1. Could you tell me how many degrees, from 0 to 90 and to the nearest 10, lie between the Cα long axis of helix 99-108 and the main elongation axis, the longest principal axis, of the Cα atoms of the chain?
2. So which lysines pass the test for Lys3, namely a Cα distance under 20 Å, with those fewer than 8 places away in the same chain ruled out?
3. Find which of Leu177, Tyr80, Ala350 sits farthest along the positive direction of the dipole of the chain, computed with +1 on the beta-carbon of Lys and Arg, -1 on that of Asp and Glu, about the Cα centre.
4. With the Cα gyration tensor of the range 3-94 giving a ≥ b ≥ c as the square roots of its eigenvalues, does the rule (a/c under 1.5 for rounded; else a/b larger than b/c for prolate; else oblate) give rounded, prolate or oblate?
5. Which one of Arg278, Arg140, Arg235 has the biggest mean-square fluctuation once the chain is modelled by GNM with Cα springs under 10 Å?
6. Over all directions, average the projected area of the Cα convex hull of the chain and note it in nm².
7. Once label points are set 7 Å from the Cα along Cα→Cβ at both Lys284 and Gln335, what is their separation, rounded to one decimal in nm?
8. Considering the alpha-carbon set of the range 178-242 alone, what are its Rg and its Dmax in angstrom?
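No value in this document is a laboratory result; all are computed from the given coordinates. Remember, predicted model here, so these are calculated numbers, not experimental data. All Cβ positions, glycine included, derive from the backbone under ideal geometry; neighbour counts span all protein chains shown.
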Amino acid sequence: MDKTALIAETGRCVACGLCLPHCPTYRKTQSEADSPRGRILMTQAVAQGVLPANERYAEHMDLCLTCRACESVCPNQVNYGKVADEARAMIRGTQPMPRMLRLATWLFERPRLMRFGGGLLRLAHKFGLKHGPQVSQQYRWQDSYPAESAQGEVALFLGCVTNAIDAETLASAIYVLNRLGYTVHVPSSQGCCGGLHRQAGDRTGAEALEANNQAAFSRYGDLPILSVASGCGARLAEYLPKRAQDINVFLSQAQGWDRAKVQPLPAKVVVQEPCTLRNALDAKGSQQVVLKRIPSLEVVALPGNAQCCGGAGSYVLTQPEMANRLRDDKIIAYQTIESDYLVTANIGCAMHLASGFNRAGEAVQIMHPVVLLARQMGFTGEI
Ligand code: SF4
Ligand code: SF4
């Protein structure tokens, strides 16, 4: 989006204020500058050269989670996500990228190094380390996982954080898809989705990662590209729009369930709905549809799902105070329900919530819905 398009997009905001009560940061600070309307009007003024892209502007834009709750209720369909991306790119033109973000973007460009780091962390946990995210078993991916029956074919997006610390979810997805009759292709040249770079305002870095994935998946024609992290999926949908799909959405509409054997699970699961699934991918409730495939499982939505949990990509690094305040709301909401599992379709939310429960001294089993489903279908770690 160039400056003229940005001014036109921000000009579509009629300042009605309907989005304000849905904005988590506005709810916490009660400041117009931390509201969608305030941010859109400031961005318009910066794009027009009326205001400078200075530190104060950056402060209010950086506090935005890009949760897009505002976008989903806007009667004029202002594309806030794109406005925020452009605003951050403008800020990078005048303000250097914070050191923490520089390090994170550098790391995300090196998925092998992230996987190596994940392996080290797993080893350290085995030797008694109590801190840091739990790391699942890692896998050496094959190019293809053929299904016995021929229901169809899909390509799988690995995602750098998921592949480094939660490969169990990826293996579970392959297992379930194979059982339903879908052959799964895993292009080895794929890399980071570029979401963190966009969020950091690094347009050039994001475009390079996007081009890499477009080339990696072009080998598979028009096959759907499935993502098990809704944060990555939302970004992929921006540049592979006809093909990118969240695994929950795909499984909700998949064929082959008649031949799948799913064991009953007499338990209760609470569903946290990531903003990227709800607002960016417009797939509200898709996790519940997938979980309903498990007989005897009681599926309950986490109260307050419309509000972001604070685990919004690099937000946990740059805005830890607000990220923790929003997470506290989730912990309190979860404590009102007795349950066996908490599921979420986004690795960022899972890690952020897990660290919050850890700090609160609560042992909560947090996982992706497809992990629970795969277990009930007989997955024991081997694909
Ligand atoms: S709801 Fe839409 S039009 Fe109304 S203030 Fe918010 S962004 Fe602007
Ligand atoms: S994206 Fe989320 S935090 Fe940012 S302005 Fe919109 S509702 Fe508020």
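1. Once rounded, one gets 40 degrees.
2. Candidates past the 8-residue exclusion: Lys82.
3. The residue sitting most towards the positive pole is Ala350.
4. On the way: a/c = 1.76, a/b = 1.24, b/c = 1.42.
The shape class here is oblate.
5. So, out of Arg278, Arg140, Arg235, the one fluctuating most is Arg140.
6. On the way: hull surface 73.2 nm².
Computing the convex hull of the Cα atoms and averaging its projections yields 18.3 nm².
7. 2.8
8. Considering the range 178-242 through its Cα atoms, Rg and Dmax are 12.5, 41 Å.
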